[in-house]
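Peer 1: Have a look at the structure that comes next, please.
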Amino acid sequence: MSRVYNFSAGPAVLPEEVLRQAASEMLDYRGCGMSVMEMSHRSAAFKGIVEQAEADLRELLSVPDNYRVLFLQGGATLQFAAVPMNLMRPRSDGRPGTADYVVSGSWSKKAFKEAGLYGEARLVASSQDGNFSYVPDVDALEFSPDADYAYICQNETIYGTRYPKLPDTGDVPLVADVSSMLLSEPMEVSRYGLLYGGAQKNVGPAGVTIVVVRDDLVRDDVLPFTPTIMRYKTQAEAGSLSNTPPAYGIYVCGLVFKWLKERGGLSAARERNEEKARLLYDYLDQSRLFSGTARKEDRSLMNVPFVTGSSDLDAKFVAEAKAAGLESLKGHRSVGGMRASIYNAMPLEGVEALVAFMDRFERENG
C-alpha cells in the first residue's frame with residue numbers, strides 16, 4: 001500500500017528519506033556487520049553515532065558551550081519529576097525549594113502537579129478558564145525572584161497553543177517543555193536554563209528525550225532522594241551513557257539532524273512550517289463549517305485543533321478522511337473534533353491534500 005499522510009501528534013511522521021536510510025542500514029551499519037539495534041552502546045561505532053548526533057544538534061540549535069546536551073529516556077513526563085528533583089533547592093531554614101509554574105494546558109498542568117510532590121510549586125497564571133484555548137499574557141506574568149526556576153510548556157500539543165514570545169524571568173532560570181516544537185524553528189538557547197522535549201514529534205522515534213541544560217544547573221546538591229539515574233550530573237558526566245541508552249532512537253534522531261541540516265537548518269524549517277500552518281489556518285478562518293479552537297495570536301505552528309460544532313459530523317469527517325489516506329486526525333478527548341499535527345516531516349502536499357478534503361467535505365455537508 002502507499003504511505004498515508006500521517007497527522008498524528010506523536011509518535012509522528014518521520015522523513016521518508018530518513019526511514020529509507022535506516023532501512024538500508026538495518027542489517028549492516030556501515031560495514032560493521034550488525035544493526036545499530038544490536039551493537040554495544042560502549043562500542044566505537046555507537047560512540048561515533050552519539051557524538052555526531054550531539055555535534056549536529058548543537059549546530060542546529062546553536063547551543064552555547066556552557067550547556068550540556070543529554071539523550072535520555074522516560075519521555076517528557078519523566079522530566080516533570082526530574083526537573084524539580086534536580087533544580088529545587090531546600091532553604092537553610094528548612095523550607096522546601098520553590099518553583100513558579102504557568103499552566104497553559106494539560107502538560108504544564110501535569111508538570112505543576114508533579115512538582116508539588118517535591119517542593120512548593122506556585123501557580124503564576126493559568127488559562128484553564130478558557131479550556132486552555134489561549135496562553136496567559138506573557139507581559140503580565142510576575143515571577144518570584146527567590147524561585148529556583150520558572151516553568152512553561154512552550155507549545156501545548158493538545159490545545160494547539162504556543163507562546164508568542166518567551167516570558168522575562170529575570171535571574172530565575174527558565175525551564176521549558178518544548179516537545180512539540182523542538183527543531184521546528186530557531187531557538188535562543190541562552191534564554192533558557194533548561195529545555196527538554198520528547199523526540200517523537202519533530203526529532204525521531206518515541207523513546208528518546210533530549211535535555212539541554214546550562215552548566216550551573218548540573219549540580220551535586222540535588223534533592224537527596226533523587227535517583228542516581230535521574231541526576232543530570234550523572235548523565236552529563238557519562239555523556240548520556242550512564243546506562244544503556246535508547247541507542248536505535250538516538251541513531252534515527254541523528255539521521256533527522258542530518259536531514260534538517262541538508263534542508264537549510266532551522267530557519268528554513270521555520271519558513272516551511274509557517275507556510276503549512278498559514279495554508280491551514282487561512283482555510284479555517286474563511287470556512288463556514290470548520291473553526292479553530294485556539295486564540296489566533298497564540299496558535300501553534302505544529303498542532304492545529306479544529307471542530308465543526310457537531311460531534312456526529314466530526315466523527316464522519318475523521319472516518320472519511322482516514323478512508324482518503326489522511327490518518328490520525330481525531331482530536332484529543334479534552335478538545336474534541338479534529339487535530340492536524342503538521343510537524344517538520346509533514347510535506348506541504350499533505351497539508352494541501354487535507355485542505356482540499358476539508359473543502360470538499362464542507363461543500364457536501366456544510
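Peer 1: Being over 17 Å from the mean Cα position of the chain (by Cα) and under 20 Å from F361 (Cα atoms) is the filter here; which residues of region 324-343 pass it?
Peer 2: Of everything in region 324-343, those that are over 17 Å from the mean Cα position of the chain (by Cα) and under 20 Å from F361 (Cα atoms) turn out to be A324, G325, L326, E327, S328, L329, K330, G331, G336, G337, M338.
Peer 1: Which residue out of M346, M358 is of a type outside the set (F, W, Y) and under 19 Å from the mean Cα position of the chain (by Cα)?
Peer 2: From the options M346, M358, the qualifying one is M346.
Peer 1: Return a yes/no flag: does region 259-267 have any residue that is assigned to a loop (DSSP other than H, G, I, E, B), without any contact (Cβ under 8 Å) to a residue 40 or more places away in the chain and basic (K, R).
Peer 2: Yes, some residue in region 259-267 is assigned to a loop (DSSP other than H, G, I, E, B), without any contact (Cβ under 8 Å) to a residue 40 or more places away in the chain and basic (K, R).
Peer 1: Could you run through region 192-204 and say how many residues are more than 12 Å from the chain's Cα centre (by Cα) and part of a loop (DSSP other than H, G, I, E, B)?
Peer 2: Total meeting the criteria: 2.
Peer 1: Please work out if L284 is among the aliphatic types (A, V, I, L, M) and either under 22 Å from the mean Cα position of the chain (by Cα) or under 25 Å from D148 (Cβ atoms) (or both).
Peer 2: So L284 fails the test.
Peer 1: OK, next. Looking at (1) small (G, A, S); (2) in contact with a Leu (Cβ under 6 Å, 6 or more places away or on another chain); (3) outside the structural domain of G337 (by TED's automatic domain parsing), find the lone condition where A236 falls short.
Peer 2: Just one mismatch for A236, condition (2).
Peer 1: Just name the residue that is nearest to G94 (Cα to Cα) out of those in region 242-258 that are touching a helix residue (DSSP H, G or I) at 6+ places or on another chain (Cβ under 7 Å) and assigned to a loop (DSSP other than H, G, I, E, B).
Peer 2: Result: S242.
Peer 1: Using the structure shown, decide if Y283 is outside any loop (DSSP other than H, G, I, E, B), crowded, with 20+ Cβ neighbours inside 10 Å and in contact (Cβ under 8 Å) with a residue 60 or more places away in the chain.
Peer 2: No; evaluated as a whole, the condition is false for this residue.
Peer 1: From V218, V172, V208, which residue is under 18 Å from the mean Cα position of the chain (by Cα) and among the β-branched types (V, I, T)?
Peer 2: Only one candidate passes the filter, namely V208.
The values are calculated or read from the model by the stated rules, or taken from the named source; none is laboratory data. All values reported here derive from a predicted model rather than from experimental measurement. So basically every Cβ, Gly included, is an ideal-geometry build from the backbone, and we count neighbours across all protein chains shown.
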